[in-house]
Structure formats: C-alpha cells, structure tokens
C-alpha cells in the first residue's frame, strides 16, 4: 500500500488536509502552532477504489527542543513515504526555511508536490501563489482546505501514483452464491477476532509515549519532559504472533481545573478512543504512587468495562517502597480494578517491557473467552451447593441455570424465578467463585439475573 506523507512548518493546515483526505475530523486542528506533535496515520480511499495510507506529521520547527524532536519524526516519515506533500501558508510570504526544507525533500527523488494552502479566491492565487514558484517545484497546487477549493487537480495527480485496489472476485462470488443457504452459514465456525485494540492511558508525564516507543522498538511518539506533549491520540498497528495489535497512546489527563486550550479536545478524544478499545495499559508513575487523579483515570476503565494491565513505570527510579508495599498501595487505592493484572517496568531502560506483549495476548484471550454452558452450570451448581441463594422474606429464590450470552467482557446471565431478589453481594460471591475456577485475570466479569425470556439489559458484577 502506498504511503502519502504531509509535511510542512507549524500551522499551515496539514491536519486539516489530513482530515479532508480521511473524510472525518480525526486529527485535532487549532490556531495554536504545534498542535500536532506525533505522527498520525489513517487508511483512506479516493476515486476508483484507490486506497493509501496518509500520514499527518508534526510541524517542522527548530525553535525548541520539543519541536526539534517533532521535526525529526516528520522527516523520518518523509523518508519512509512513497509520495510527499509539502504544505505552505499562502497568506504568508515564502520563507527561506521552507525553501531549504523543500530542496532537502526534492533530493529524496520521490513524487513531491508543493501545496500552497489558504488561497481562498482567484485574486489571492494571482497575487500570492506564484511567489512560491521560486522553490522550483515540478508539481504545485493552490488550494484552500477550509473551503475545499481546487482539489480536483490535486486528486488527479495523486491517482497517477496510487493504483486501484484489486477486488477478490472469487471471494465475492462465494459470498453471494445462492447455494449457500442460511442454515449452512450458521453451521460454519465463527472466525476468531485477531485484532486487539490497546489504549495506553494515564495522567500526564507518567511515560506513556516512552512505553509506546519501547513496545514498537522505534521512536513513534514524541517524548519530552514537557507535560502534555501528546495531544492527538497516536496509533500504530504491529503483528505479534497470530494477532494484529493496535496501540493508542492517548493524551495525558490532568485535573479539570488545569486543562487548557487544545487539551480539552485531547481529553474528549481520549474518551472516544476508550469506547473502541478492548484493553487498557494504565500507566502509573512508580516514583509517585497512585494519586487521586490516577483513581479518576482508572474509573474510565471501569466505566467502559475494559480489560486492564496496570503498568508501574519508572520502577528503576523508586527509592522508598518495596515491591510488596507498592503493589499493596495500588490494590488498595484501585479496589474497583481488583481484577487487573499488574507489572513493574522501566520504559526508559526497557526493563520487563518485553513481557507486556505476552500479557496483552493472554488477557485478550480471557476477555474473549466463552465458557461452554454445561461447564458453566456445573460450576454454578457447585457454588450454590457451598452457599445457597438467600431467601427473601421467606420466599425461595432459585437459580435455574446460567449461560454466557456475550464476551469482551464475558457476560453471564442467571435465569431465576425471582431475579430481583438475588442480592448484589451474592452475585459478587458467584463472580469470585467463577474467577477461582476459570482464569479471568485482567478481565471484568458481568453477572446479571433475569427471568427466562427477559432481555439482558442490566449489567452488574
């Protein structure tokens, strides 16, 4: 698949072009220079089913150590891309640094277009566009991303380098073959879901971006001592064993009173990502322990009923607490994540980072697990035999049978004659009993009680 990288200095409209190509508001845009800091990627399609990966890069600017790192990642993206779009601000005069960067990209010998943005009308095109021809581009376009102006020639140029996607006609014929009736399809085994979506979440400056880079074994996310460096969620997919694992490095979360400007968009984007995730790496700074804000961040995991691995980062820098004390502190303060697995690491040195990949796969397999109904009922009967369902005002409360009706997370229904009288404490007892018999480490477990034929619209553990 072809890769198209969008480069340029800060605040020229790169993320707006990325959003237009992706046909959705994906990258955060604002008037603040340097809003995009990490590399952002999406698979997009243009006419005639031409599919490619578009890469939004951070603005290239050497004015600070942070933006210098952003620029390094942007130029690396250009080297790995097949097609390069260099964008400039048409409302400004040509800049010498822009000119030098464009010359540098020309030497890569790849298809390269100069995109002069913010040219809103014919008058501005006549007065400003031609000033940028001193760059010596072979291909250039005067556009306005915000007004969707003059994009047809640009798309036509892209199509020259992006071939149409070849359809699998044989597979399509089988899919719509009338000889395959519903009964035959129902008998076919379901294909295993081999795509794991992992959100890396935590408060600011706990080392989330360093962890992402360590897991990917490359500098994918900008790392800086500046709190709040990551604004847009950064995602990257890798193959691991039989699985495709997509990591999402979300923006660090602050107290609401300290959330300013574009970080408000980042917080909303983080919660959107959690709705799509299967599993969360909750990153906690081991040198500081669990704070009140960590507890609130962890509350989002419980809210979305996600599998979880608690990652105590910066373990190499801790001084006072032993392992037992540190774990006890985490377990006490994050009681509602009692099911979560826990690992101590150092993203900076790489200590135990390699173990996280295997843990992710194991937890996801538990998250997706389905228990055979007969086996589940054997365990429920054993649990009831040890501790009967309490009666209600002398009325007998019976559990007739149990069934798992969903996974991710595992959801179990108890069919009862009086479901409303099964106390939450008894459901908790059954959940703990099931955890003893089946391996649900790292996974939330939902148990509901209902009458036969009722909908499963209440979820409790």
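Checking the stated criteria, residue 342 turns out not to satisfy the condition of being over 23 Å from the mean Cα position of the chain (by Cα) and touching a residue at least 24 places away in the same chain (Cβ under 8 Å).
Select from the stretch 103-117 the residues that are within 31 Å of the chain's Cα centre (by Cα) and farther than 14 Å from residue 81 by Cβ and write down the one among them that is surrounded by the fewest Cβ atoms within 10 Å (Cβ to Cβ). Across the stretch 103-117, the extreme among qualifying residues is 117.
Cβ-Cβ distances below 9 Å connect no pair with a first residue in the stretch 287-306 that is not assigned by TED's automatic domain parsing to the domain that holds residue 273, a second residue that is surrounded by fewer than 21 Cβ atoms within 10 Å (Cβ to Cβ), and a separation of six or more residues or different chains. For the stretch 45-57, a tally of residues being under 21 Å from the mean Cα position of the chain (by Cα) and either surrounded by 18 or more Cβ atoms within 10 Å (Cβ to Cβ) or modelled with pLDDT under 75 (or both) returns 5.
Per-residue answers, yes or no, for (1) in a helix (DSSP H, G or I); (2) crowded, with 16+ Cβ neighbours inside 10 Å:
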site	(1), (2)
329	yes, no
358	yes, no
369	no, yes
390	no, no
408	no, yes
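Just to be sure, is residue 151 in contact with a strand residue (DSSP E or B) (Cβ under 6 Å, 6 or more places away or on another chain), surrounded by 14 or more Cβ atoms within 10 Å (Cβ to Cβ), modelled with pLDDT of 90 or more and under 30 Å from residue 52 (Cα atoms)? Judged against the criteria, residue 151 is not a match. State whether the residues of the stretch 294-307 include one that is surrounded by fewer than 17 Cβ atoms within 10 Å (Cβ to Cβ) and more than 24 Å from the chain's Cα centre (by Cα). There is no residue in the stretch 294-307 that is surrounded by fewer than 17 Cβ atoms within 10 Å (Cβ to Cβ) and more than 24 Å from the chain's Cα centre (by Cα). Residues in the stretch 317-327 that are exposed (fewer than 15 other Cβ atoms within 10 Å of the Cβ) and not in a loop (DSSP other than H, G, I, E, B): 317, 323, 324, 325.
Taken as a whole, the condition of being touching a strand residue (DSSP E or B) at 6+ places or on another chain (Cβ under 6 Å) and more than 18 Å from residue 444 (Cα to Cα) does not apply to residue 393. Can you confirm whether residue 287 is at pLDDT 95 or above, over 20 Å from the mean Cα position of the chain (by Cα) and surrounded by 15 or more Cβ atoms within 10 Å (Cβ to Cβ)? It is false that residue 287 is at pLDDT 95 or above, over 20 Å from the mean Cα position of the chain (by Cα) and surrounded by 15 or more Cβ atoms within 10 Å (Cβ to Cβ). Considered as a group, the residues in the stretch 17-41 that are at pLDDT 85 or above and within 21 Å of the chain's Cα centre (by Cα) include one that is nearest to residue 161 (Cα to Cα), and that residue is 21.
The values are calculated or read from the model by the stated rules, or taken from the named source; none is laboratory data. Just so it is clear, the structure is predicted and the values come from calculations on it, not from any experiment. Positions of Cβ are generated from backbone atoms using ideal geometry, with glycine treated the same way; all protein chains shown enter the neighbour counts.
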